[in-house]
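These notes concern the structure reproduced below.
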Amino acid sequence: MLDRIEANANRFEESRAFLARHGYPSGDIWERPTSDARFPDGAHFRIEVPTVNSADAVRTLVRVVEEEAGVKINRIDQTAGIMRFSDKEHEAYLDVGRENDIEIFFALGPRGIYDIGAQKMINSVWGHASALRTRGMEQIVFAMEDIRRIVGMGGRGLLISDEGMLILARKMREDGVIPPDVKLMASAHMGHNNPVTYRMLEDLGADTIASQRDLDFSILAALRAAVRIPLHVHIDNPQATGGFLRVYDAPEMIRICAPVLLKTGSSVLERHGMVITEELAVAMARQVAVSMETIRRYMPEAVQTTGKAEDLAIPV
């Protein structure tokens, strides 16, 4: 392994030196150093459950995970889109967040998959590559209305799948259109997977960045070296995006990527964005519990946020 590291370090010296001069990692970091960064409350990691797209099932999920399994959820993501839910349904999400000190992140609704563009109908990887990006200025306006709506109801977490919308959300926050405590999460559906792009997303205003699901430890180490903000990593994910079960990787992900949000529970789902039933909510809760048991078994020294930390995007 050391010979391989040395060989890689000596390749493409001019390009690597250029990257280093501009503050980027000069390559993937094979040594996988331990991150000494932490959340503001001193925690190494937080637990995040993505694709919780049912207001009826969200309370079941939290009850099973927290009351029956004794595991604290720190963040829940609704990924179907704000425009897909009624105010009453949104209140159910917000109430769960308020009552349990859980961040609730809401995906913006108007995206390419809901627009009239035919690309979303192409059943191929390439056809869906930009499916969640925002098409045209009218969709930009509609997405801004989604932001105004959910923030006005008390939501404080926005899940954003388009770099332009990330810029606008940051400007809305800077201009006082939305409160300064609203947090902006860059979605993995943007397709980013290298440190240069991560630095760009941080510069554009992202408070946290969700990673691609198939990144190895050396890439994750380079991502951590490139940005200061928390990363999200999937330790399991739906079948449609690989169905990976990386639960045994979780302790190493915490060591390398802290502060990090571990996304878990969605491996029981067929795909992202689907509406979940109460039965699926229970299955997701069980996967979360298994993931947490593994972390406690192999990295008991890792600290999770369990209280109401000041930087959490808990609904108001």
Picked from region 274-310 (must be assigned to a loop (DSSP other than H, G, I, E, B) and open to solvent by less than 40 Å² (accessible area, probe 1.4 Å)), the residue modelled with the lowest pLDDT is Met274
From Pro40, Pro25, grab the single residue that is modelled with pLDDT of 95 or more, open to solvent by 40 Å² or more (accessible area, probe 1.4 Å) and either not in a loop (DSSP other than H, G, I, E, B) or not basic (Lys, Arg) (or both). Pro40
Selected residue [surrounded by fewer than 19 Cβ atoms within 10 Å (Cβ to Cβ), farther than 21 Å from Leu159 by Cα and of a type in the set (Gly, Ala, Ser)] from Ala69, Ala92: Ala69
For residues that are of a type in the set (Lys, Arg) and either over 17 Å from Gly109 (Cβ atoms) or part of a strand (DSSP E or B) (or both), scanning just region 136-192, find the one that is least open to solvent (accessible area, probe 1.4 Å). Arg156
Mind checking whether some residue in region 47-59 is open to solvent by 10 Å² or more (accessible area, probe 1.4 Å) and on the phi > 0 side of the Ramachandran plot? no
Can you find a residue that is in contact with a helix residue (DSSP H, G or I) (Cβ under 8 Å, 6 or more places away or on another chain), of a type outside the set (Ser, Thr, Tyr) and under 26 Å from Leu184 (Cα atoms) anywhere in region 289-298? no
Failed condition for Asn237, given (1) among the polar types (S, T, N, Q); (2) touching a Lys or Arg at 6+ places or on another chain (Cβ under 9 Å); (3) more than 19 Å from Ser187 (Cβ to Cβ), with all others met? (3)
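The values are calculated or read from the model by the stated rules, or taken from the named source; none is laboratory data. What you see is a predicted model; the values in this text were computed from it and never measured. As a convention, Cβ positions derive from the backbone with ideal geometry for all residues, glycine included, and neighbour counts pool all protein chains shown. The protein model used for the area step is the full one, side chains on, heavy atoms only, and it has no ligands, DNA or RNA in it. Shrake-Rupley method; radii C 1.70, N 1.55, O 1.52, S 1.80 Å.
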